[in-house]
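See structure below.
The values are calculated or read from the model by the stated rules, or taken from the named source; none is laboratory data. Worth saying up front: this structure is predicted, and the values here are computed from it rather than measured. As a convention, Cβ positions derive from the backbone with ideal geometry for all residues, glycine included, and neighbour counts pool all protein chains shown. Only protein heavy atoms, including side chains, enter the accessible area calculation; ligands, DNA and RNA are left aside. Shrake-Rupley method; radii C 1.70, N 1.55, O 1.52, S 1.80 Å.
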Amino acid sequence: MAVFVVGFPAGVFATNCYLLAAGPGEHCIIVDPGQDAVPAVAEALATHRLHPVAVLLTHGHLDHTWSVYPLCSAHGTPAYLHPADRYRLADPAATFPPEVLGSLGLLGVRLDEPDDVRPLADGEWLDVAGLRIRVLHTPGHTEGSVVFYLPATATGDLHLAGDRHPSADRLLSGDLLFSGDLLFAGSIGRTDLPGGDPAAMSASLTRIAAAADLPDETVVLPGHGPRTTLGRERAANPFLRGLARPAGLRAAREPQ
């Protein structure tokens with residue numbers, strides 16, 4: 001499966017927003033449209049002649065959901081979110097520390113909800129925009145955090161914060177893992193926010209790091225910061241080091 005990926009950081013949180021399609025000029029999916037993402041999404045849609053058909057959310061924090069309502073409303077698309085994080089859409093500021101919001105001038109912020117919010121389930125395959133996407137429930141950062149896995153070969157334009165390679169052509173090849181705030185290059189998502197759970201985070205990281213069918217070459221596209229590979233994180237990320245990959249443990253490959 002070929003996947004065309006456009007990515008860029010949005011807003012004061014520098015949250016990575018991604019657009020996925022089978023190629024330029026095709027239907028596309030928008031992943032995690034954060035604060036002030038709408039103009040950059042519009043530019044990417046026009047530049048690559050893409051047509052949105054869905055918005056996928058890795059979790060319900062407002063830095064990942066800020067622009068979901070205007071984008072869904074403008075394009076008549078559904079939003080997909082794990083049910084455990086559904087409550088966060090109604091009052092996103094209530095699930096973020098007040099001191100953090102205050103420092104950013106965001107106290108009291110409220111966001112409108114899309115008319116069509118659909119649940120994500122662990123292990124399901126989504127068939128959207130000509131792509132097959134596996135959903136894995138990975139709680140820990142929030143109760144409803146998920147990652148999206150595509151067994152794919154990808155090219156595209158990535159301008160991620162801290163990324164040394166602004167053009168992704170010929171640099172992305174292999175499986176893709178959109179890790180949200182579960183896994184970053186050299187780090188992991190925090191668990192001290194409301195709904196965070198260190199034990200659940202450890203279990204989720206073990207699930208991903210120990211998955212025998214997720215190869216080391218899998219390109220990890222995180223919610224913040226530069227891209228990396230699963231092999232690099234297995235070897236060097238202090239939070240993944242030592243997590244075993246036992247024989248016989250199967251990951252979420254598409255059934256034949």
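Under the convention that each Lys and Arg Cβ holds +1 and each Asp and Glu Cβ holds -1, the size of the dipole of the chain around its Cα centre is about 680 debye. If you plug the beta carbon distance of residue 236 and residue 132 into 1/(1 + (r/R0)^6) with R0 = 41 Å, you get a FRET efficiency near 0.85.
Residues with beta-carbon under 10 Å from that of residue 72, excluding residue 72: net charge, scoring Lys, Arg +1 and Asp, Glu -1? All intermediate terms of the calculation are to be shown ahead of the outcome.
Details: positive: none; negative: 112, 113, 115, 116.
Net charge around residue 72: -4.
Less than 5 angstrom separates the built amide H of residue 174 from those of 153, 154, all sequence-distant by 5 or more or on a different chain.
Under the simplified labelling scheme, the residue 110-residue 122 pair shows an inter-label distance of 3.4 nm, with each label point 7 Å from Cα along Cα→Cβ. Projecting the Cα atoms of 209, 111, 223 onto the charge dipole of the chain (Cβ charges, centred on the Cα centre) puts 209 farthest toward the positive pole. DSSP beta bridges confined to the chain are antiparallel in about 60 percent of cases. Residue 207 contributes an accessible area of around 90 Å² to the protein surface, as traced by a 1.4 Å probe with all chains present.
Given a 1.4 angstrom probe, what's the average accessible area per residue across the chain, in square angstrom?
Working: 10260 Å² over 256 residues.
With all protein chains present, the chain gives 40 Å² per residue.
Any idea which of 52, 7, 182 is furthest toward the positive side of the dipole for the chain, if Lys and Arg beta-carbons carry +1 and Asp and Glu beta-carbons -1? Working it through, the farthest residue towards the positive pole turns out to be 182. A probe of 1.4 angstrom, applied to the heavy atoms of all protein chains, finds residue 111 with accessible area near 30 square angstrom. Put simply, the convex hull of the Cα atoms in region 1-130 casts, on average, a shadow of 7.7 nm².
Residues 103, 67, 202 ordered from highest to lowest accessible area at a 1.4 Å probe: 103, 202, 67. Averaging the sequence gap over all C-alpha pairs within less than 8 Å and six or more residues apart, then dividing by the number of residues, gives the chain a relative contact order of 17 percent.
Please give the calculated 222 nm ellipticity per residue for the chain, where each DSSP H segment of at least 4 residues contributes -39500 (n - 2.57) and the sum is spread over every residue; nearest 500 deg cm²/dmol? All intermediate terms of the calculation are to be shown ahead of the outcome.
Numbers: 6 runs with 49 residues, N = 256.
Here the helix-only value at 222 nm equals -5000 deg cm²/dmol.
Placing +1 on the Cβ of every Lys and Arg and -1 on the Cβ of every Asp and Glu, with no other charges, gives region 1-140 a dipole of roughly 220 debye about its Cα centre. The eigenvalues of the Cα gyration tensor, multiplied by 5 and square-rooted, give region 73-139 an equivalent ellipsoid with semi-axes of 28, 16, 10 Å from largest to smallest. With all protein chains in place and ligands, DNA and RNA left out, the 1.4 Å accessible area ranks 149, 80, 69 as 69, 80, 149, largest first.
Leaving ligands and nucleic acids out of the surface, order 99, 233 by accessible area at 1.4 Å, largest first. Each step should come with its number before you reach the end.
Working: 99 130, 233 5 Å².
I get 99, 233, largest accessible area first.
The share of accessible area on the chain that comes from carbon and sulfur is 54 percent, using a 1.4 angstrom probe. What the Cα convex hull of the chain gives, in volume per residue, is 115 Å³.
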